[in-house]
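The values are calculated or read from the model by the stated rules, or taken from the named source; none is laboratory data. If you're wondering where the values come from, they're calculated on a predicted model, not measured in any experiment. All Cβ positions, glycine included, derive from the backbone under ideal geometry; neighbour counts span all protein chains shown. Just so you know, the surface numbers come from the protein's heavy atoms only, side chains and all, with ligands and any DNA or RNA stripped out. Shrake-Rupley method; radii C 1.70, N 1.55, O 1.52, S 1.80 Å.
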Amino acid sequence: MGPRLPCCKSHEYTTDTDTNKGTREVYIPYALWYIPMANAHRIYLLILLFVSGFFLTCELTGAQNDLSLTYRVSAERIVQDTSNYVETRSAEQKFLKKYMLSPDVTCNDGSPAGFYVRHSNSSKTWIVFLEEGWCCYDKASCEERWSRAEYLMSSKEWPETRTGGGILSNNAAENPYWWQANHVFVPYCTSDIWTGRRAEPQHGSKFTFMGSIVIKQVIRELLTIGLANANALILSGSSAGGVGVMLNLDPIQKMLRQYSGMSVHGITDSGWFMDQQPYDIEDEGGSSASPVEAVKKGIPYWHSQIPSRCRNLYINEPSKCFIGYKIYPTLSVPLFVFQWLYDEFQLKNDVGTPVTKQQWDYIHKMGERLRKSLLNVTSVFAPSCVSHTVLTKKDWKNIKIDSVSLPTALHCWQTETRFAKMNGNGNGNNNNYNNNNSNKSSQSRPGRANGNHGAGGGHNNKRLTKVDRQTVTDNATKRKQNKMHRNDHRSGALIHKKRRRHHKNHGSCRHQHIQSCTWPQCNNSCPKLQNPATGEEVDFIELLQSFGVSIPSLSTELGIDMESLVHMDQDELLNLLTQQSN
């Protein structure tokens with residue numbers, strides 16, 4: 001093995017966008033030690049090196065009882081003038097307008113929480129988005145968060161209006177399926193992964209934690225301005241907001257059960273975290289807890305509300321309900337999971353900056369484990385990329401798997417699950433089927449975690465229950481009906497035209513999109529990695545050279561001349577390397 005060379009130098013840069021503020025630290029390895037190996041393995045490592053330094057540092061800054069806190073909307077509030085929300089058409093199309101909640105529903109510092117809304121008169125679909133921002137979990141971490149990122153704990157500096165990107169955009173080119181929807185952005189200012197119910201500071205702290213209360217009050221307020229007449233509510237969120245979606249989805253549906261004409265869906269973006277043991281590296285001067293440890297400390301500190309089904313399943317370890325594959329089988333509401341297979345936040349916190357083969361082996365195994373944990377998820381989109389969050393980014397529709405874009409997959413899923421509900425087929429997902437299997441293995445020991453099943457351990461092979469047999473029968477009936485429909489398609493009967501069109505989509509829609517390649521950035525639609533110092537896209541060949549890769553040797557291995565290699569398009573070279581490594 002060759003000598004190990006000095007490696008990492010860090011750069012900091014600050015972003016200030018409509019949907020995200022903060023400091024991202026990006027690590028770029030300028031030279032890595034060389035490992036002799038077979039050609040295929042060398043190419044595999046070469047690609048891993050390409051993405052080795054671009055992990056997001058999202059520094060960690062940071063029990064369910066009866067609190068009996070109820071925040072209700074008065075009858076007068078329901079019939080009051082809604083001019084605060086509905087403005088002129090031109091303004092409505094451009095901005096989301098700020099609305100503050102009552103003074104007793106607060107951010108960490110006691111300032112009132114709130115939301116931004118763009119009301120639409122032409123749609124009965126409402127998209128509510130929970131912002132990201134991780135958490136703090138004790139007095140020390142919260143005071144550090146306050147000194148570093150006060151804007152994540154207070155509403156005092158919120159602007160009057162803001163724009164939205166991605167799924168919150170009102171631009172049809174950027175957001176082809178929901179550009180006319182009612183858009184709601186809920187800023188994150190409670191630092192509790194949207195679960196807190198602590199309305200008074202305790203433990204010697206000056207902060208409250210009311211994330212769960214904020215969500216419920218936002219929904220109550222929205223009911224007064226049109227949500228009560230909606231036919232679809234999509235609760236979505238990224239990172240901590242994505243975890244918040246999974247933890248609040250069933251309680252929100254319970255709140256809205258009297259509105260029988262409204263379907264409720266959830267979308268979690270980059271919130272499907274794993275609970276593996278972090279790679280054993282020395283603490284580089286930081287004192288932050290790992291994500292799993294932060295949640296364990298935070299649950300009693302925030303006085304977290306956790307859905308009863310999951311809490312009863314993990315009664316002695318409620319922190320497991322913050323782990324995607326643990327809580328998913330307990331959910332009754334349709335959930336769509338978007339997850340980068342190599343999530344920057346988790347990679348940085350579990351591995352640090354990778355400089356050794358052992359660390360890369362760990363990363364590869366982590367990606368494989370995450371992939372397996374998604375196999376039992378009914379609706380999922382998981383590209384093999386190094387990134388973090390996507391839903392509100394302007395280029396979100398560029399992300400594809402097998403030529404299917406993320407918005408297309410989401411729209412297909414939402415349409416189909418709504419169709420299933422309207423036709424009396426339950427909620428249109430298989431969460432309950434997974435839950436049945438999960439409960440079988442945990443009935444005798446209800447407090448024990450059923451990790452093998454959730455982590456992709458395979459379906460239970462026990463005899464099918466009555467419910468399972470009925471599910472199989474229903475699916476067979478649907479397939480038969482779809483086949484009959486295709487045979488009738490040529491009849492041209494106008495009265496059945498709309499139904500035929502929907503059945504055609506229903507029969508061809510695939511809900512599971514999980515990248516099959518096994519290393520980072522093998523998807524050509526992955527977000528481009530940028531040099532944080534210049535903001536320019538990283539030149540692939542120059543980056544490889546900076547790692548100490550011999551370009552003449554690479555040219556020989558690939559069987560192409562040097563001139564062609566140096567001037568080859570990056571996507572074309574990436575395709576070539578993919579073929580070689582496979």
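Observations on the model:
- Solvent-accessible surface of the range 130-231, averaged per residue with a 1.4 angstrom probe and all protein chains in place: 33 square angstrom.
- Using the average count of surrounding beta-carbon atoms within 10 Å as a protection proxy, the listed peptides 378-386, 390-398, 239-247 rank, highest first, as 239-247, 378-386, 390-398.
- Too-long pairs where the Cα-Cα distance tops 22 Å, listed order kept, from Lys98/Lys156; Lys139/Lys296; Lys97/Lys394; Lys320/Lys372; Lys320/Lys393: Lys320/Lys393
- Over the range 162-284, the fraction of Cα-Cα pairs per 10 Å bin, rounded to whole percents and listed from the shortest bin up, is 11, 35, 33, 15, 6, 1.
- Under 20 Å from a label point set 7 Å out along the Cα-to-Cβ vector of Asp104, the amide N atoms of the range 303-327 belong to 303-305.
- One Cα centroid belongs to the range 395-412, the other to the range 288-365; the line between them spans 25 Å.
- Residue-by-residue Karplus 3J(HN,Hα) for the range 299-315, coefficients 6.51, -1.76, 1.60, Hz, glycine and proline x: 3, x, 5, 8, 6, 5, 9, 10, x, 4, 4, 6, 4, 5, 6, 10, 5
- Once the Cα-Cα distance is subtracted from the 0.36 nm per residue extended length, the Gln358 to Thr534 segment shows a gain of 60.3 nm.
- Other residues with beta-carbon under 12 Å from the beta-carbon of Arg369 carry, at +1 per Lys or Arg and -1 per Asp or Glu, a net charge of 0.
- Sequence-separation-based contact order of the range 106-156, relative, with Cα cut under 8 Å and 6+ spacing, percent: 62
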